[in-house]
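A short worksheet on the structure shown next.
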Amino acid sequence: MTDDAVPTTMHIGELADRTGLSNRTIRHYDEVGLLRPSGRTGGGFRLYTDTDLARLLIIRRMKPLGFTLEQMGELLAVVNALEAADDDAEQARLREQLDEYIRDTEARRAKLEEHLGMADEFLGILRGR
């Protein structure tokens, strides 16, 4: 095996630094099954890869949109299955599930945009006083 085939790993502290999340939050995601470490050191410390980092960034982006932990897990399962699917019918089924998340996310974004407009109006009222 060449050095290129060995994934780069990081400890939980580096993962926390790279995502802006706390060690506690990352451990919680491990406890609920959203983000399992790819490995452990001989001393039992969690080791994460760039793939784990990408997964955590998806989770981090879903949280402020109000997705539940269950929905996050479902989406991540769809994404993983879609990457592994080799059957056209299975890919189409998974793609439709992904498209549902896309539509849901678009609706959540529109709601946030509406709320932002209301916040701007409110600021205008307050500043006009």
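Read the figures in this text as sums done on the coordinates, not as results from a lab. In this text the structure is predicted, and so the values were computed from the model without any measurement. Note that we place each Cβ from the backbone using ideal geometry, even for glycine, and neighbour counts take in every protein chain shown.
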Other-chain or far-sequence residues with amide H under 5 Å of LEU47's (modelled H): SER38, GLY39, ARG40, THR41
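Tell me, in nm to one decimal, what length is gained between ALA119 and ALA107 on full extension, where the rule is 0.36 nm per residue of separation less the Cα-Cα distance?
Taking ALA119 through ALA107 to full extension adds about 2.5 nm, to one decimal.
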Segment 73-82 - phi-based ³J(HN,Hα) in whole Hz, Karplus 6.51/-1.76/1.60, Gly and Pro as x: x, 5, 4, 4, 5, 4, 4, 4, 5, 5
Gaussian network model of the chain, Cα within-10 Å springs - most flexible of ALA81, ALA119, ALA92: ALA119
Segment 3-127 - charge dipole about Cα centre, Lys and Arg +1 at Cβ, Asp and Glu -1, debye rounded to 20: 740
Sites THR8 and ARG61, calculated FRET efficiency, Cβ-Cβ separation with R0 22 Å, nearest 0.05: 0.50
Structure-derived Kirkwood radius over Cα pairs in Å: which label, when the choices are (1) 14.8; (2) 17.3; (3) 16.7: (2)
